[in-house]
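Enquirer: Here it is, the structure, as structure tokens.
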Amino acid sequence: MAALTGVSVRLLHHYDEIGLLRPAERSDGNYRLYTPHDLARLRRVLTWRALGVPLAQVAGVLDAPPELEREALRAHAARLQDSLRRAEHTLREVQARLDALDSRAEETIMNIEDVKAVFDGFDPAQYEDEARERWGDTDAYQQSAARTARYTKADWERVRAEMDGITAEYLTLMDGGVPASDERAQAVAARHRAHISGAYYDASAAMMRGLAQMWVADERFTKNIDRARPGLAAYQSAAVTAWADAQQE
């Protein structure tokens, strides 16, 4: 078992002693005999340990009903995806800066017409003065401005592709009659938050709630979002609001 999994014999003995992983059988010589079921349980133990769950809590997670473990894993997966997006974006920012220092990046930065082409004619510049007046002093505005100023066409195409994927998920749920308060819709809302945090600025739950309100309160945003499907702005607003309300931030 130790050779197969890379877990030390001492640790296997410890898991046995605390009741976390007791082998199904013993040989006549009192050697531990592990079954495929034991191996599967060990894999679950290692998964939760890798997620940073204290050993004292792992047994409770493993012995809980499958749906509870599934919900806990989904929550951890969402946090990991959020962290991964942030790390990937930070790496892109560092690389962009390195390219700029090497005098290569300036040639690839997009102009407004390029951005409009990627976003089907949408011109972010028309909101720039208003955005600067309302939020120019905030960390979020400054962070977003610094990031997007260095975006290349490939960066904007990636941002667009990510948002298109999220929109498609919202539409699938909406067309299927899934309530915006359903955990599946809230999972998409969590990915929506991760997208904004990765592409623009670190979005807190409170910020996401504010965005959700703006999508339905400002007819310009509602019209733009509803181009994908009438009612989408209201649906994703309700989903993000429900997600934000469930957070403890």
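The values are calculated or read from the model by the stated rules, or taken from the named source; none is laboratory data. On a predicted model such as this, the values are computed, not experimentally measured, just so you know. With ideal geometry, Cβ positions are generated from the backbone for all residues, glycine too; neighbour counts draw on all protein chains shown. We work out accessible area using only protein heavy atoms, side chains counted, and drop any ligands, DNA or RNA first. Shrake-Rupley method; radii C 1.70, N 1.55, O 1.52, S 1.80 Å.
Enquirer: Starting at 0 and stepping by 5 Å, how many percent of the alpha carbon pairs of the range 165-249 end up in each bin?
Expert: 3, 17, 28, 28, 19, 5, 1
Enquirer: With no solvent and one equal point scatterer placed on each C-alpha of the range 1-71, evaluate the Debye formula and give log10 I(q)/I(0) for q = 0.13 Å⁻¹, two decimals.
Expert: -0.38
Enquirer: Using the heavy atoms of the protein chains and a 1.4 angstrom probe, tell me the accessible area per residue for the range 161-249 in square angstrom. Walk me through the numbers on the way to the answer.
Expert: Details: 4140 Å² over 89 residues.
Value for the range 161-249: 47 Å² per residue.
Enquirer: I'd like the carbon and sulfur percentage of the solvent accessible area for the range 188-249, probe radius 1.4 Å, heavy atoms only, ligands and nucleic acids excluded.
Expert: Details: 1500 of 2800 Å².
Within the range 188-249, the accessible surface is 54 percent carbon and sulfur.
Enquirer: Work out how much length L51 to D245 would gain on full extension: take 0.36 nm times their residue separation and subtract the Cα-Cα distance, in nm to one decimal. Before the final figure, lay out each step's value.
Expert: Values: separation 194, 0.36 × 194 = 69.84 nm, distance 2.47 nm.
So the extension gain works out to 67.4 nm.
Enquirer: Beta carbons within 10 angstrom, averaged per residue: use that to sort the peptides 55-67, 145-157, 75-87, highest first. If you can, show how the numbers build up before the last one.
Expert: Numbers: 55-67: 12.1, 145-157: 16.1, 75-87: 14.2.
By packing density, highest mean first, the sequence is 145-157, 75-87, 55-67.
Enquirer: Can I ask one more? What list of ³J(HN,Hα) couplings, whole Hz, do you get for the range 210-217 from phi and the Karplus terms 6.51, -1.76, 1.60, once you set θ to phi - 60° and write x for glycine and proline?
Expert: x, 4, 4, 5, 5, 4, 9, 8
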